[in-house]
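Student: Below you'll find the structure I mean.
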Amino acid sequence: MAHRQRTPASTDAPGERADKTCASCGRRIQWRAKWAHNWDAVKYCSAACRTHGVNKTDLRLEETILTLLDARAQDATICPSDAARAIGGEAWRDLMEPARRAARRMVARGELQITQGGSVVDPSTTKGPIRLRRPR
């Protein structure tokens, strides 16, 4: 039996798909053909993010990031490790990835910008040390 290709629907056009960010990690969700029929319902980029979700620690990190930025000058930046240290104490290193995830979610909502070397970068693809600042 010959393979039948799915006829693309009018909503499958790349220009008509709205960009989405993962509700858990804040990274950009790449559209997949298997999601064509329920794209509006997709909230997470992976099964791991669906399992993790957003917990109380993640929300505390977001609050701490805003508190730290409020305590500094309008054009100042902070490192995600500052928020991790404020919450985690001796185990702050375990909170580094959750702090970066919190920052990416905040960027998706327009509350923050992530920079490297003073330039705003894409939070979905950035690797290495980052700084967080208010939008300018």
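Coordinate-derived values only; no laboratory data. Bear in mind that the values here come from a model prediction, so they are computed numbers and not experimental data. With ideal geometry, Cβ positions are generated from the backbone for all residues, glycine too; neighbour counts draw on all protein chains shown.
Student: Out of (i) -0.73, -1.03; (ii) -0.62, -0.92; (iii) -0.52, -0.94, which label holds the value of log10 I(q)/I(0) by the Debye sum over Cα atoms at q = 0.13, 0.17 Å⁻¹ that was computed here?
Tutor: (ii)
Student: Then there is this: For the chain, what does -39500 (n - 2.57) per DSSP helix run (n ≥ 4), summed and divided by total residues, give at 222 nm, in deg cm²/dmol to the nearest 500? Write down the numbers at each step before the final one.
Tutor: Working: 4 runs with 43 residues, N = 136.
For the chain, the value works out to -9500 deg cm²/dmol.
Student: What residues have an amide H closer than 5 Å to that of THR21, excluding those fewer than 5 places away on the same chain, when H is modeled at 1.01 Å from N in the peptide plane?
Tutor: Residues meeting the criterion, in which the H sits 1.01 Å from N, are ILE29.
Student: Shifting gears a bit: When you count, for each residue, the other Cβ atoms within 10 Å and take the mean per peptide, how do 65-75, 20-30 rank with the highest first?
Tutor: Packing proxy ranking, top to bottom: 20-30, 65-75.
Student: Same structure, new question: Percent relative contact order of the chain, based on C-alpha pairs within less than 8 angstrom and at least six residues apart?
Tutor: Rounded, it is 24 percent for the chain.
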